[in-house]
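Peer 1: Here it is, the structure in full.
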Amino acid sequence: MDAGRKTLAAWENRGVDDPVDEIIAAEAPPSARHIWILGRPKLIAAARPWAPTSFWCDDLRDLEPVRRSHGEDIIANPMDGEEGPVPDQVWMELPESLDALDDILSILHGLAAARGVTNLHVVAGGRIRRMNKSLNDVAARWFDDVHASLGRRRARVLHFSSPRVNPARGAGWPRRNRIRTMNLEVELVAHGGVFHGAGLDPGTALLLDQRGTMLSRLPSRARILDLGCGNGVIATTLALELQGAAAVSARDVSWIAVDSTRMTARANHIDVDVSQADGLRGIPDRSLDLVVTNPPFHRGSARDSAPTRRMLTDAGRVLRPGGQLWCVYNSHLPWGEHLDAEVGPTQQVARTKAYTVTRTIRE
Ligand SMILES: C[S@@+](CC[C@H](N)C(=O)[O-])C[C@H]1O[C@@H](n2cnc3c(N)ncnc32)[C@H](O)[C@@H]1O
């Protein structure tokens, strides 16, 4: 990489117009052997002329366009335990969750140690308003040198370098935790950053408490889907309850969620067919008997509920007539009316101040 040419103006000419992308590219050290970009696809164009580049992001909706435009070879998942690239630089989006940051830094630290990379340098960028001192504290568990850049256009990077010889490992990832839901004990396994970690969300608990009614009157060999499976608690609990009497599947758009669900099902010695997918895409019309979901409220930090609305509407397509959609959501949200209008007659089954559980029957 030619340090002389690597100026902000050069990055700007490369079409890096987002303030976070721009400051990551500009702050990265001037020479690199291999750059691993995590979560910011537009940086690929900026990095590629300077060094071999790999890319990963958790959300399939961001990964697929990169696969299409740059080919499969650029895709490398640091979390899947496969032999991947040997980067000396990582350019990454700062995750919102401290657990997600801890998990990914533990993995990068482990990869660097396994491959003898002592000069690993992580440049992690984000909007200043979403940053706090705890991010530095988490990074200091894995790196001796942790410092922040000056802010520019309301963005900033944190630099992590000098991987620690003796890192503060803590409880380690993935996390395991045993929860109880009515008569069942379930072991949950989760990567850092998965919804509610390896715990049981109170809304999901209220939903699972209704499973006696939910699972009554299912046809034999019923086809059940946990939509937006997170740590897999819904799919695994239903599969444990039904003990092979139904085919249980689970999907999520997030790789860490899908992998957590696979680990949770395995930890409970139960079969769940898990896939990474966006909503109900690819599921044939009228092919399911039961869809169960604690739907996402919004995507990342965007407060747009339209994708969730579309996903719930689409449940009407994949359910057979008479099939059921069970949903839990924050009681102030209008999903009940939406389901009633778009999918079929919707009945409130349980309600607390915080959460509402509904059953919708596909007509
Ligand atoms: C509120 S969490 C529920 C997780 C888990 N079912 C539970 O109850 O603990 C919603 C989940 O939906 C996933 N999700 C968001 N958008 C999605 C989409 N378009 N398709 C599939 N899953 C999605 C999120 O990644 C998240 O894991």
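Peer 1: Enumerate the helices (runs of 4 or more DSSP H) found wholly within the stretch 1-73, keeping only those where 2 or more residues are modelled with pLDDT of 95 or more and open to solvent by 30 Å² or more (accessible area, probe 1.4 Å).
Peer 2: Working: elements: 8-13, 19-27, 43-47, 60-70.
Filter on the stretch 1-73 gives 60-70.
Peer 1: Can you run down the residue pairs with Cβ atoms below 9 Å, 6 or more apart or on separate chains, where the first is in the stretch 81-95 and touching a residue at least 40 places away in the same chain (Cβ under 8 Å) and the partner is open to solvent by 20 Å² or more (accessible area, probe 1.4 Å) and among the acidic types (Asp, Glu)?
Peer 2: Correct list of pairs: 95/58.
Peer 1: So which of 310, 251 ends up being of a type in the set (Lys, Arg), within 12 Å of the ligand (Cβ to nearest atom) and buried (at least 24 other Cβ atoms within 10 Å of the Cβ)?
Peer 2: Details: 310 fails: buried (at least 24 other Cβ atoms within 10 Å of the Cβ).
Sole residue among the options that is of a type in the set (Lys, Arg), within 12 Å of the ligand (Cβ to nearest atom) and buried (at least 24 other Cβ atoms within 10 Å of the Cβ): 251.
Peer 1: Restricting to the stretch 126-140, name every residue that is part of a helix (DSSP H, G or I) and closer than 23 Å to residue 167 by Cα.
Peer 2: 133, 134, 135, 136, 137, 138, 139
Peer 1: Continuing with the same structure: Being open to solvent by 50 Å² or more (accessible area, probe 1.4 Å), modelled with pLDDT under 95 and not assigned by TED's automatic domain parsing to the domain that holds residue 18 is the requirement here; does residue 169 meet it?
Peer 2: For residue 169, the condition - open to solvent by 50 Å² or more (accessible area, probe 1.4 Å), modelled with pLDDT under 95 and not assigned by TED's automatic domain parsing to the domain that holds residue 18 - is met.
Peer 1: May I pose another question? Taking the residues in the stretch 54-76 that are hydrophobic (A, V, I, L, M, F, W, C) and closer than 20 Å to residue 257 by Cα as candidates, determine which candidate is farthest from the ligand (Cβ to nearest atom).
Peer 2: Filtering first and then ranking leaves 76.
Peer 1: Counting just the residues of the stretch 22-71 that are touching a helix residue (DSSP H, G or I) at 6+ places or on another chain (Cβ under 7 Å) and not hydrophobic (A, V, I, L, M, F, W, C), which one comes out nearest to residue 228 (Cα to Cα)?
Peer 2: 58
Peer 1: For the stretch 198-216: of the residues being hydrophobic (A, V, I, L, M, F, W, C), in a helix (DSSP H, G or I) and within 13 Å of the ligand (Cβ to nearest atom), which is nearest to residue 242 (Cα to Cα)?
Peer 2: Within the stretch 198-216, the match that is nearest to residue 242 (Cα to Cα) is 208.
Peer 1: Now for a different question. Give the residue that is nearest to residue 58 (Cα to Cα), with candidates limited to residues of the stretch 237-281 that are free of Cβ contacts under 8 Å to residues at least 40 places away in the same chain and touching a Lys or Arg at 6+ places or on another chain (Cβ under 6 Å).
Peer 2: 275
Peer 1: Using the structure shown, decide if residue 231 is within 29 Å of residue 104 (Cα to Cα) and open to solvent by less than 10 Å² (accessible area, probe 1.4 Å).
Peer 2: Working: within 29 Å of residue 104 (Cα to Cα): yes; open to solvent by less than 10 Å² (accessible area, probe 1.4 Å): yes.
Against the criterion (within 29 Å of residue 104 (Cα to Cα) and open to solvent by less than 10 Å² (accessible area, probe 1.4 Å)), residue 231 qualifies.
Peer 1: Out of the residues in the stretch 217-236 that are in a strand (DSSP E or B) and hydrophobic (A, V, I, L, M, F, W, C), which is nearest to the ligand (Cβ to nearest atom)? Steps first, answer last, please.
Peer 2: Applying the first criterion (in a strand (DSSP E or B)) to the stretch 217-236 yields 222-227.
Right, trim to hydrophobic (A, V, I, L, M, F, W, C) and you get 222, 224-225, 227.
Details: 222: 19, 224: 13, 225: 11, 227: 6 Å.
The selected residue is 227.
Peer 1: Look through the stretch 266-297, keep the residues that are touching an Asp or Glu at 6+ places or on another chain (Cβ under 6 Å) and not in a loop (DSSP other than H, G, I, E, B), and return whichever of them is nearest to the ligand (Cβ to nearest atom).
Peer 2: Ranking the candidates gives 292 first.
The values are calculated or read from the model by the stated rules, or taken from the named source; none is laboratory data. Keep in mind the model is a prediction, meaning the values are calculated, not measured. Counting neighbours? That spans all protein chains shown, and the Cβs are built from the backbone with ideal geometry, glycine included. The accessibility values were calculated without ligands, DNA or RNA, using every heavy atom of the protein model including side chains. Shrake-Rupley method; radii C 1.70, N 1.55, O 1.52, S 1.80 Å.
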